[in-house]
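**Q** Just passing along the structure, written as structure tokens.
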Ligand SMILES: Nc1ncnc2c1ncn2[C@@H]1O[C@H](COP(=O)(O)OP(=O)(O)O)[C@@H](O)[C@H]1O
Ligand SMILES: [Mg+2]
């Protein structure tokens, strides 16, 4: 069984008279350790899909099973607990809290887990090492460069050792050089630490670091390419 | 799980000028509340401690409730002493105090005339007026007066003007101040006391305003009542002193209601100061609050943290205002029609001041926080 299984998932939005269907009966399977990138035109529903997998939003129909739990059935409170334990979220604009230091920002999600202070400290330090920012622990976000801020954002997403990390255009607001460093980092996290990732991007070069590339258009996946995985859109195969 | 405490506190430093101004506004509001409640409590206390339940006042039936208008014959005290067994008597001295009480223009050493409350008394007065203690100097001899702790406030002059040895002028005569006295906050403190017969001579009166009697016990008052009823020809009325001041309290009810009304209005204004801060503070933080929810923080936790922010500011305001009130406002004296009294920052004043202060923080933070958390996380993540 795959780590993430979306079955027959639909999502609609109504704006006045108009109804948009960004996700129209979609199936998606992601195996543990996979790195999936998601591309598509602006407004095609990439963020919507990401939010469904993250348990931030609910599908209109279909089921979303992550690590054996159907998260589309969970209550709001249960979803929050589920996110704390299972999800890492990397934002386009990192969303760091300006009044907290890099260390405190990274520590934030660990405060939701039942851990000893020692274990917490160890995890935060590990996460900082993983993104190469151990020497910036006491810096506030405004004292960091854009790339460093995104590294803190990534460390915050992996510090709880989540089942899956999602990223919504993680390099979207970075210059080319910094973007490449972040790509290398994400790839390394996937390959060395085995972190399962689902990443939205509009940049084909960024998408190419993934082991499987998906393209979303008109509510459906189109033109799926896979470099290593045996998964396909229909999802009949299994790991 | 709650957000770390530092988050709430440091958020206040994000917009330091804004937070500073709000702190100032909240402090002012809380301080105003301390002043008004202190005023009400001071007034209440001055009237409450003035009434001794064991003291009976006998004065003329025709004077309505105003003792200043009362006139009774100078023989009444002896007559009462001879007819009643209810009055305390020790070593042959009846514990009653014949008094002449009037409002009079008083000119002080600095030439400013003011309306003073003057009471002509005999040396038995302190036996009945048991709260009265001399604080300095000596009991007034003919041509002398002693002044209450708040007499200067009542006259609207600085305290030094009424210090021992100074002269005052009243009833067309010069008087020397021989002593000062206090009365545990009772209304006597705003009065000027002198020798009864001295005052009678100066005012060319032979009558009295009232007799105050110390009763053996509370039930003895019925005997005095009965006497006044049987001797209709004397046209006397008897009132327990505590009841007399309770009636006065009734008169000041509108003032007290007005006071509490002001507390309410000022508090409302304060809530808007709090609201303004928190709306402003949270407007730019919509995405951040959504991000916290993505991490797994529940809305209650975020709500608590935001309220914490308001509370930190409100607590600081209460602390500053409270310190200020206790150090500088407590005991501040106020002139009033029936005398003068001291503002009283007692436990109730502290409690209501701080409660209102903290409420300002909570009520100011709740609506903006609820608003920020109302929309869905997915939408708020897109906020700029
Ligand atoms: N909460 C919402 N309410 C209404 N329409 C929405 C909402 N979220 C997204 N949409 C619409 O759904 C479509 C897909 O949005 P999104 O998933 O953000 O696209 P993108 O692929 O650019 O990330 C867009 O047309 C967007 O306007
Ligand atoms: Mg998007």
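Any read-out appearing in this document is the output of simple, stated calculations on the displayed coordinates, not a laboratory observation. Predicted model, so just to flag it, every value in this text is computed and none were measured. Neighbour counts run over all protein chains shown; Cβ positions are idealised from the backbone, glycine included.
**Q** Taking only the C-alpha atoms, wrap a convex hull around the range A:62-127 and report its volume per residue in Å³ as a whole number.
**A** It comes to 126 Å³ per residue, whole-number rounded.
**Q** How long is the range A:4-226 along each principal axis, judged by its Cα atoms, biggest number first, in Å?
**A** 50, 39, 36
**Q** Sticking with this one: For the protein assembly as shown, what is Rg from Cα atoms divided by 2.2 N^0.38 Å, rounded to two decimals?
**A** On the way: Rg = 40.5 Å, N = 623, 2.2 N^0.38 = 25.4 Å.
With N residues counted in the protein assembly as shown, Rg over 2.2 N^0.38 Å equals 1.60.
**Q** How big is Rg to Rh over the range B:55-216, alpha-carbon atoms, Rh as the Kirkwood inverse-mean-distance radius?
**A** On the way: Rg = 15.4 Å, Rh = 16.0 Å.
Here Rg/Rh amounts to 0.97.
**Q** Follow-up. For Cα pairs less than 8 Å apart in space and 6+ apart in sequence, what is the mean separation divided by the residue count of the range B:55-216, i.e. the relative contact order in percent?
**A** 36
**Q** Helix B:253-283 versus the longest principal axis of chain B: what angle, 0 to 90°, nearest 10, using Cα atoms?
**A** 20
**Q** Percent antiparallel among DSSP beta bridges with both residues in the protein assembly as shown, to the nearest 5? Let's see the in-between values first.
**A** Details: 63 of 90 bridges.
Here the antiparallel bridges make up roughly 70 percent for the protein assembly as shown.
**Q** Follow-up question, since we're still on this one. To the nearest Å, what is the center-to-center distance of the range B:7-85 and the range B:112-184, using C-alpha atoms only?
**A** About 22 Å separates the Cα centre of the range B:7-85 from the one of the range B:112-184.
**Q** Whole number please: convex hull volume per residue, Cα atoms of the range B:142-189, in Å³.
**A** 79
**Q** Stokes-Einstein D for chain B at 4 °C, 1.567 mPa s, Kirkwood Rh over Cα pairs, in µm²/s?
**A** Value of D from the Cα-based Kirkwood radius: 53 µm²/s.
**Q** So, one more: First measure r as the distance between the Cβ atoms of residue B:68 and residue B:229, then evaluate 1/(1 + (r/R0)^6) with R0 = 35 Å and state the FRET efficiency to the nearest 0.05.
**A** 0.90
**Q** Still on this structure, please answer the following. Using alpha carbons only, how many degrees (0 to 90, rounded to 10) separate the axis of helix B:16-50 from the longest principal axis of chain B?
**A** 20
**Q** Suppose the chain between residue B:384 and residue B:93 were pulled fully straight at 0.36 nm per residue; how much longer would it get relative to their current alpha carbon spacing?
**A** Gain on extension, residue B:384 to residue B:93, equals 96.0 nm.
**Q** Moving on to the next point. Could you tell me what % of all Cα pairs in the range A:120-227 have separations over 20 Å?
**A** Of all Cα-Cα distances in the range A:120-227, 42 percent exceed 20 Å.
**Q** Can you give the calculated 222 nm mean residue ellipticity of chain B, where each DSSP H run of n ≥ 4 adds -39,500 (n - 2.57) and the sum is split over every residue, rounded to the nearest 500 deg cm²/dmol?
**A** The helix-only estimate for chain B comes to -16000 deg cm²/dmol at 222 nm.
**Q** Using only Cα atoms, locate the centre of the range B:330-384 and the centre of the range A:130-202, then give the distance between them in Å, rounded to an integer.
**A** Between the Cα centre of the range B:330-384 and that of the range A:130-202, the gap is 44 Å.
**Q** Moving to a separate point now. Three principal axis extents, largest first, for the C-alpha atoms of the range B:178-271, in Å?
**A** The Cα atoms of the range B:178-271 stretch 60, 39, 26 Å along the principal axes, largest first.
**Q** Another question, then. On a 0 to 90° scale, report how tilted helix B:347-374 is relative to the longest principal axis of chain B, with both axes built from alpha carbons and the result rounded to the nearest 10.
**A** 20
**Q** So, one more: Given Cα pairs under 8 Å that are at least 6 residues apart, what percent is the relative contact order of the range B:1-139?
**A** 12
**Q** Still on this structure, I have one more. Could you grab the relative contact order for chain B? Cα pairs under 8 Å, six or more apart, rounded to a whole percent. It would help to have the intermediate numbers written out before the result.
**A** On the way: 741 pairs, mean separation 112.4, N = 384.
Relative contact order of chain B: 29 percent.
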